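Peer 1: Sharing a structure here in structure tokens format.
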Amino acid sequence: MNQTPNSQLPIGIFDSGVGGLTVYQALHERLPNERFVYLGDTARVPYGTKSLATVERYAVENALFLQGHGIKLLVVACNTASALALPAVERAVAVPVVGVIEPGARAAVEAIGADGRIGVIATEATIGSHAYRAAIERLAPGATIIEQACPLFVSLAEEGWAETDVARTVAAEYLAPLRAARVEAVVLGCTHYPILRRVIAETLGAQVALIDSGRAAATAVAALLQTRELMRHTDANETRGESRRLCDDLDHFYVTDAAARFARVAERFLGCAPRVLEAVEVWGHDRLAVS
């Protein structure tokens, strides 16, 4: 396969905080030869309580920061930013952009068909945007869609309580409407939610397909890299990608605040602590750092 001169550049990923590491993990597993630059906007998390204009500004600043690090493609891992700010990000940067909403919606429809019953669980902001509903309805106008905000799932994931009795109680309360509607698939519409996958599956039952939007996005990224001839391949002097580990020094991690807490929570999510290179400021385009 041919490669463009940009194929060796890294893929950029940003999230409002640590949750996007589940998308990083999915990308790493799907594309082991690629290199990644991750930005967690931990100084300004959560995005879910912010206005549309504010989320757009934050997302564009994050995107421009990563573009300044010489990326070939940008993944907007944050569901809120994907729902509210994807067009603004696409206008702001000169690289292809992939969000998590469209791939997640497509994966759900493909899993159960165009006339199925699909649940969407996410933060209040993502549910309030109805972005998943709109994406699913574009693909499958006959689908029945049930949306449910599950805000406490974020705290349970970050505090390491994903498989406790507390998590089971919260899941039973949140997911009762989806059980009553007998959904056939549920989109995990927040980057934290794959950490609670086991409890969610236990609550809904094994017959319900759980759709990880991060994994769906990784599939979309792989297809786009292939189409654009941007897939990275190792040469004779490099270790083959299959042996790469999560959090190794070939991937770079930045945060905007609280680097120690980010590393601690990241270890719960990934089983390893990424080496956070530095806490950076992304606001103010004249101060964007370039490595």
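Peer 1: With springs connecting C-alpha atoms under 10 Å apart, model the chain as a Gaussian network and identify which of 22, 42, 227 has the largest mean-square fluctuation.
Peer 2: Comparing 22, 42, 227 in a Gaussian network model of the chain, the most mobile one is 227.
Peer 1: Something else: With springs only between Cα atoms under 10 Å apart, run a GNM on the chain and tell me which of 35, 245, 133 wobbles the most.
Peer 2: Result for the chain, Cα springs under 10 Å: 245 fluctuates most.
Peer 1: Tell me whether the stretch 55-170 comes out rounded, prolate or oblate; compute the Cα gyration tensor, take square roots of the eigenvalues as a ≥ b ≥ c, and use a/c under 1.5 as the rounded threshold. Don't skip to the answer; put the middle values down first.
Peer 2: Values: a/c = 2.27, a/b = 1.26, b/c = 1.80.
Taking the square roots of the gyration eigenvalues as a ≥ b ≥ c, the stretch 55-170 is oblate.
Peer 1: Here is a further query. Determine the relative contact order of the chain: mean sequence separation of Cα pairs under 8 Å and six or more apart, normalised by residue count, in whole percent. The partial results should precede the final answer.
Peer 2: Values: 571 pairs, mean separation 76.6, N = 291.
For the chain, the relative contact order is 26 percent.
Peer 1: If a/c stays under 1.5 just call it rounded; otherwise compare a/b with b/c (prolate if a/b is bigger, oblate if not). Do that for the stretch 109-182, with a ≥ b ≥ c from the square roots of the Cα gyration tensor eigenvalues. Spell out each step's value before the answer.
Peer 2: Values: a/c = 2.63, a/b = 1.87, b/c = 1.40.
Since a/c reaches 1.5 and a/b is larger than b/c, the shape of the stretch 109-182 is classed as prolate.
Peer 1: Now, a different point. Ranked from highest to lowest mean number of other Cβ atoms within 10 Å per residue, what is the order of the peptides 194-203, 84-93?
Peer 2: Working: 194-203: 20.0, 84-93: 18.2.
Order by mean packing, descending: 194-203, 84-93.
Peer 1: Could you order the peptides 120-128, 60-68, 73-81 from most to least packed, using the average number of other C-beta atoms within 10 Å per residue? Present the calculation step by step, with values, prior to reporting the outcome.
Peer 2: Details: 120-128: 24.1, 60-68: 21.8, 73-81: 29.2.
Listed from highest to lowest mean packing, they are 73-81, 120-128, 60-68.
Peer 1: Here's something else I'd like to know. For the stretch 88-163, give the magnitude of the charge dipole about the Cα centre (Cβ charges: +1 Lys/Arg, -1 Asp/Glu; no others), in debye to the nearest 20. Mind showing how you got there, number by number?
Peer 2: On the way: 5 positive and 10 negative charges, 66 e Å.
Using Cβ point charges on Lys, Arg, Asp and Glu, the stretch 88-163 gives about 320 debye.
Peer 1: Could you pull out every Cys in the chain that lacks a partner Cys with its beta carbon under 4.7 Å away?
Peer 2: 78, 150, 190
Peer 1: I'd like the distance between the alpha-carbon centres of the stretch 142-196 and the stretch 246-270, rounded to an integer number of Å.
Peer 2: Centre-to-centre distance over Cα atoms comes out at 25 Å.
Peer 1: Hey, another quick one. How much length would be gained if the chain were fully extended between residue 29 and residue 172, taking 0.36 nm per residue of separation minus their Cα-Cα distance, in nm to one decimal?
Peer 2: Numbers: separation 143, 0.36 × 143 = 51.48 nm, distance 3.09 nm.
Taking 0.36 nm per residue and subtracting the Cα distance, the gain is 48.4 nm.
Peer 1: Tell me, 13, 146, 118, 71 in order of fewest to most beta-carbon neighbours within 10 Å? Walk me through the numbers before you get to the answer.
Peer 2: Values: 13 30, 146 17, 118 27, 71 22.
Ranking 13, 146, 118, 71 by Cβ neighbours within 10 Å, fewest first, gives 146, 71, 118, 13.
Peer 1: I'm spelling it out carefully: the read-out is Rg/Rh (Cα atoms, Kirkwood Rh), the candidates are [x] 1.02; [y] 0.98; [z] 0.96, and one was derived from this structure. Which label?
Peer 2: Only one listed value fits the structure, namely [z].
Peer 1: While we're here: Taking a ≥ b ≥ c as the square roots of the Cα gyration tensor eigenvalues, with a/c under 1.5 meaning rounded and otherwise prolate when a/b beats b/c, else oblate, which class fits the stretch 1-112?
Peer 2: Details: a/c = 1.63, a/b = 1.21, b/c = 1.34.
Oblate is the answer for the stretch 1-112, as a/c is 1.5 or above yet b/c matches or exceeds a/b.
Peer 1: Quick check: Cα centre of the stretch 119-134 to Cα centre of the stretch 1-79, how many Å?
Peer 2: When both Cα centres are located, 21 Å separates them.
Peer 1: Turning to a different aspect of this structure: Among the complete DSSP H segments of the chain, which ones combine at least 15 Å of alpha-carbon extent along their axis with a mean Kyte-Doolittle hydropathy of -1.0 or more? Intermediate results must be reported in sequence, preceding the final value.
Peer 2: Details: long enough: 52-67 (22 Å, 0.47); 79-92 (18 Å, 0.44); 101-112 (17 Å, 0.57); 165-180 (22 Å, 0.34); 213-227 (21 Å, 0.80); 259-270 (16 Å, 0.32).
Length and hydropathy pass: 52-67, 79-92, 101-112, 165-180, 213-227, 259-270.
Each reported figure results from applying straightforward, stated rules to the coordinates on display, with no laboratory input. It should be emphasised that the depicted structure is a prediction, and the values quoted were computed from it without experimental measurement. Heads up, the Cβs are rebuilt from the backbone with ideal geometry, glycines too, and the neighbour counts pull from every protein chain shown.
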